[in-house]
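> Structure provided below as structure tokens; questions to follow.
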Amino acid sequence: MHGHLDRCDPRGGREQVSHAVLSINDVQVGQKLPSRTTHIDRASLVAYTGASLDRNRLHWDERFARSVGLPDVIAHGMFTMGTAINVVSDWVGDSGRVVEYGARFTKPVVVPYEGGADVEASGVVTAVDAQTRRATVELKVTCGTDKVLGRAVAVVVLD
């Protein structure tokens with residue numbers, strides 16, 4: 001079975017890209033997923049604000065963010081979670097195979113105007129259930145030395 005991903009074609013329009021979905025036979029406890037670094041800048045925050053309709057000033061107004069004790073504007077928590085889960089959906093081959101996902105926000109991702117921020121996500125398979133064809137992945141998500149998501153766990157359905 002294959003997953004499908006619609007991707008914008010640079011010439012306009014869309015192309016459909018096909019990825020093989022992982023088989024239960026290809027997954028084992030302890031298996032590490034390829035890590036991924038995502039750069040977040042102010043333009044990313046503006047785009048996410050428009051898509052999510054979360055216009056909280058913490059995400060775009062430096063003076064306001066500092067007035068409430070933050071060092072600078074911060075990324076949206078759900079944006080951070082969405083960035084992190086890409087490690088799992090890329091690995092499994094189809095984002096629709098992610099059937100459960102949850103995390104705790106442990107520290108904000110601070111996004112300075114100059115330079116932005118890099119979020120690093122990696123994962124390891126912690127359980128495989130051959131009967132239900134499900135695998136559990138624990139994610140490690142950091143920005144610099146700060147752990148920004150805790151108890152980040154996803155469950156995927158495999159072929």
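> State which residue is surrounded by the most Cβ atoms within 10 Å (Cβ to Cβ) when the search covers only the range 37-58 and only residues that are touching a residue at least 40 places away in the same chain (Cβ under 8 Å) and under 29 Å from Ala135 (Cβ atoms).
Checking each candidate, the answer is Ile40.
> Name the helices (runs of 4 or more DSSP H) wholly inside the range 1-109 in which the number of residues that are modelled with pLDDT of 95 or more and of a type in the set (S, T, N, Q) is 3 or more. Lay out the reasoning, then the answer.
On the way: elements: 42-52, 62-67, 77-92.
Result: 77-92.
> So, one more: So, in the range 59-81, exactly how many residues are surrounded by 14 or more Cβ atoms within 10 Å (Cβ to Cβ) and either within 20 Å of the chain's Cα centre (by Cα) or not hydrophobic (A, V, I, L, M, F, W, C) (or both)?
Matching residues across the range 59-81 total 11.
> Can you tell me which residue in the range 19-36 is nearest to Thr136 (Cα to Cα), limited to those that are of a type in the set (S, T, N, Q) and surrounded by 11 or more Cβ atoms within 10 Å (Cβ to Cβ)?
Gln31
The values are calculated or read from the model by the stated rules, or taken from the named source; none is laboratory data. Every value quoted in this text rests on a predicted model; they were computed, and no experiment measured them. For neighbour counting, all protein chains shown are included, and Cβ atoms are generated from backbone atoms with ideal geometry for every residue, glycine included.
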